[in-house]
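Engineer: I'd like to ask you about the structure that follows.
The values are calculated or read from the model by the stated rules, or taken from the named source; none is laboratory data. Owing to the predicted nature of the structure, the values given are computational and were not obtained by experimental measurement. Cβ sites come from the backbone with ideal geometry, for glycine too, and all protein chains shown count toward neighbours.
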Amino acid sequence: MKMVIAIIQDRDWVKLSKGLTEHGYGVTKLSSTGGFLRQGNTTIMIGVEDEKVEDVLQLIRDNCKKKEIPMTLYPPSITGLNMTSPPVNVTVGGATVFVMNIEQFHHVE
Amino acid sequence: MKMVIAIIQDRDWVKLSKGLTEHGYGVTKLSSTGGFLRQGNTTIMIGVEDEKVEDVLQLIRDNCKKKEIPMTLYPPSITGLNMTSPPVNVTVGGATVFVMNIEQFHHVE
Amino acid sequence: MKMVIAIIQDRDWVKLSKGLTEHGYGVTKLSSTGGFLRQGNTTIMIGVEDEKVEDVLQLIRDNCKKKEIPMTLYPPSITGLNMTSPPVNVTVGGATVFVMNIEQFHHVE
Ligand code: NI
Ligand code: NI
Ligand code: NI
């Protein structure tokens, strides 16, 4: 059995969680933040049979792949002026995934 | 040395933590939630000597085993009516436990 | 590749995180509390190449070593009396570190 630990963006959690649940995988979400006060990360743990690791990785790829989205940045407002910038492309998504070995699995009933 | 990672119900945390501490095990509690927005789970990590794994598992079984408790469900109130349902049995408790290998252990003094 | 999991004191997080980031290590901070309701711990995860484990351990030692600091303890106030105690030395810092094996590492782009 394997433990898949993935660090994903918060924004991808709902759809990845939905995908994992629909495919029958139990997932645990840990509250987390990135290094040196960077916000917006979520760490998830999935215990999974060895032969299902690739399927879980594919679900992560499908739901967390990087993409560019146009975003309008608002500068500090200046009273009386109505400043707008053209939208810029911002890269979102991406994930870091670790797979570790599980020696024993127990289900306590 | 082994890392015991257990996902338990919040309601079992205080008594399991007390049991582990009384038996001399250090335990770390991570804030967590279950898959697809399910609430009420707690993830714990315990670093433990190989020969103590079974003792820790037994403490988890003792404190987290499933049981049925009677619970009265309150329907949305209807003004002027005093509706009560008979109590129903709800299953609580249970745990998922993973045991993983620890290659190095360091205590920083 | 290795997973370094360290349980440190909250007070050491900012400087350790800064040190890890400056040396190019990605670090994920998990919200955590210690056993039986003890507060003030932080759990961090660092995925790192085998040959960098010692460097990460040294950064943890440098930033989290135990030290004694003088602390003035304030007794419950008694109205009309201005009681102060001499400062006492309190030990802070220290860390528990586990190193585990990572079988696969994936970066989702
Ligand atoms: Ni599907
Ligand atoms: Ni006992
Ligand atoms: Ni340096």
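Engineer: Evaluate the range B:56-66: report whether one residue or more is more than 7 Å from every other protein chain (Cβ to nearest Cβ), at pLDDT below 85 and more than 16 Å from ligand 3 (Cβ to nearest atom).
Structural biologist: Quick first cut of the range B:56-66, residues more than 7 Å from every other protein chain (Cβ to nearest Cβ) only: B:56, B:58-59, B:62-63.
Applying the additional criterion that residues be at pLDDT below 85 yields none.
For the range B:56-66, residues more than 7 Å from every other protein chain (Cβ to nearest Cβ), at pLDDT below 85 and more than 16 Å from ligand 3 (Cβ to nearest atom): absent.
Engineer: Follow-up question, since we're still on this one. Would the range B:22-33 turn up any residue that is assigned to a helix (DSSP H, G or I) and facing chain A (nearest Cβ under 10 Å)?
Structural biologist: Going residue by residue through the range B:22-33, those that are assigned to a helix (DSSP H, G or I) are B:22.
So of that shortlist, the ones also facing chain A (nearest Cβ under 10 Å) come out as none.
So far as the range B:22-33 goes, no, none of its residues is assigned to a helix (DSSP H, G or I) and facing chain A (nearest Cβ under 10 Å).
Engineer: Suppose the filter is closer than 24 Å to A:Ile46 by Cβ, surrounded by 16 or more Cβ atoms within 10 Å (Cβ to Cβ) and of a type in the set (S, T, N, Q); does B:Thr42 pass it? Working first, answer last.
Structural biologist: Values: closer than 24 Å to A:Ile46 by Cβ: yes; surrounded by 16 or more Cβ atoms within 10 Å (Cβ to Cβ): yes; of a type in the set (S, T, N, Q): yes.
Yes.
Engineer: Next up: If you take the residues of the range C:4-18 that are over 15 Å from B:Thr28 (Cβ atoms) and crowded, with 19+ Cβ neighbours inside 10 Å, which of them is farthest from ligand 1 (Cβ to nearest atom)? Outline the logic, then answer.
Structural biologist: So the first thing to find is which residues in the range C:4-18 are over 15 Å from B:Thr28 (Cβ atoms), and the list is C:11-12, C:14-18.
Going one step further and asking which of them are crowded, with 19+ Cβ neighbours inside 10 Å, we end up with C:12, C:16-17.
Details: C:Asp12: 43, C:Leu16: 40, C:Ser17: 37 Å.
My answer is C:Asp12.
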